[in-house]
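These notes concern the structure reproduced below.
The values are calculated or read from the model by the stated rules, or taken from the named source; none is laboratory data. All values reported here derive from a predicted model rather than from experimental measurement. With ideal geometry, Cβ positions are generated from the backbone for all residues, glycine too; neighbour counts draw on all protein chains shown.
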Amino acid sequence: MVFSDYFWLLLWTFLFFAYLMLLVNILIDLFRDSDTGGWGKAAWIVVLLVFPFLGALAYVIMRGSAMAERRNGSSRPGARDDAYVPTAPGVPAPAAQIASAKALLDAGAISQSEFETLKQRALA
């Protein structure tokens, strides 16, 4: 084989794997999308199977911005856990505990060392 044959083989192999990665990302995004119903997802899969390159190009053009938003929204660690912060029933959050201790300190009901103790206990 000549150098040009190796070059074209390398180029086509790269393009094939790039297309496969794009296809996998499209399928992951398609199943991650909760706005699209089952028939819509099935239609996109049929389009991707019947017209592979044109279907992938159409998907990226039509849904690329939403695809990026779904990827960025779920890739941040703890994105889904931000709304749920477990606390024991009847126990206020640490910020509320520190705020009430600060109010007691400002009122003169506790000393600075007691405030530090309460703050450390709330943060623990």
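Only one of L10, L48 is assigned to a helix (DSSP H, G or I) and either at pLDDT below 90 or in contact with a helix residue (DSSP H, G or I) (Cβ under 8 Å, 6 or more places away or on another chain) (or both); which?
Answer to the check: L48.
Among all residue pairs at least 6 apart or on different chains, which show Cβ distances below 8 Å where the first residue, located in the stretch 89-118, is of a type in the set (S, T, N, Q) and the second is outside any helix (DSSP H, G or I)?
S100/P92
Which residues, counting only those in the stretch 1-52, are charged (D, E, K, R) and either within 18 Å of A66 (Cβ to Cβ) or within 22 Å of the chain's Cα centre (by Cα) (or both)?
Within the stretch 1-52, D29, R32, D33, D35, K41 qualify.
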